[in-house]
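Have a look at the structure below before the remarks.
The values are calculated or read from the model by the stated rules, or taken from the named source; none is laboratory data. It should be emphasised that the depicted structure is a prediction, and the values quoted were computed from it without experimental measurement. Here Cβ is always computed from backbone atoms with ideal geometry, including for glycine, and neighbour counts include all displayed protein chains.
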Amino acid sequence: KGLAEIEETIGKEVGSSDARIFSVQGLLLEDPSFRGGMKERIREHLVNAEVAVRDEVASWEARFAAVAGTGDRDPAADLRDIGRQILRELTGRERATLASGDDRIILVTRELLPSDAARVDREHLAGIVTASGGIASHAAILARSLGIPAVTGVDVTALPARGGRWLVGGSAGCVSVPPPRDDLTKAQQRGRDYAQFRAELMAQARGLACTADGVGIELQLNVETFEELPTEL
């Protein structure tokens, strides 16, 4: 139920393509081997459900690590996300929320999982900095789709705990604390330019592109920065 609700919400905000991330999580959750493994741990080892979930997720994560490549995406992240959501339901723990207020904040964390990215408070979140993950991780993809600057692979232990001015350059993949005045001014201008560009695109949107016989088609681009786009399309 929780995954279906997240998928529906994300589908409305950024489209069904990115929302399919949670369909994949649903398939993992329904996998007979995964579910059966948890049941067997409870039956054979007489452990409680929380321990069974923790150990089964760890076992599957080890299998994923044995076959994973060296790319920018951790294939076990979705599995850890599922495990954490199950544990939250079993323990009855409420999901932590970002503190609201007049100031926008930077979220600094060791790992941002897809369900975290889907539930962030965009009104008060100015950027995301994580130690793990990569540009192709599901959480990073969702952050970009939601218009939140995100930088991964950062030594978060070296960053200040709170306060001050930060510059999180999502396109450049850099974090500066505190940023030089000139860099901050340029970044603020880029932010305004992007907001204007996005507003112009939305104003020109006319619904789905259609073929001559009226069949709707979905146009997609897979680029990391606007510089990768050709000058003429």
- Would you please name the residue that is farthest from the chain's Cα centre (by Cα), looking only at residues in the range 149-168 that are assigned to a strand (DSSP E or B) and under 16 Å from Gly133 (Cβ atoms)? Val168
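Does Gly173 satisfy the criteria of being of a type in the set (Gly, Ala, Ser), touching a strand residue (DSSP E or B) at 6+ places or on another chain (Cβ under 6 Å) and modelled with pLDDT under 85?
On the way: of a type in the set (Gly, Ala, Ser): yes; touching a strand residue (DSSP E or B) at 6+ places or on another chain (Cβ under 6 Å): yes; modelled with pLDDT under 85: yes.
So Gly173 passes the test.
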- Query: Out of the range 186-216, which residues are exposed (fewer than 11 other Cβ atoms within 10 Å of the Cβ), part of a helix (DSSP H, G or I) and of a type in the set (S, T, N, Q)?
  - Reply: Gln189, Gln196, Gln204
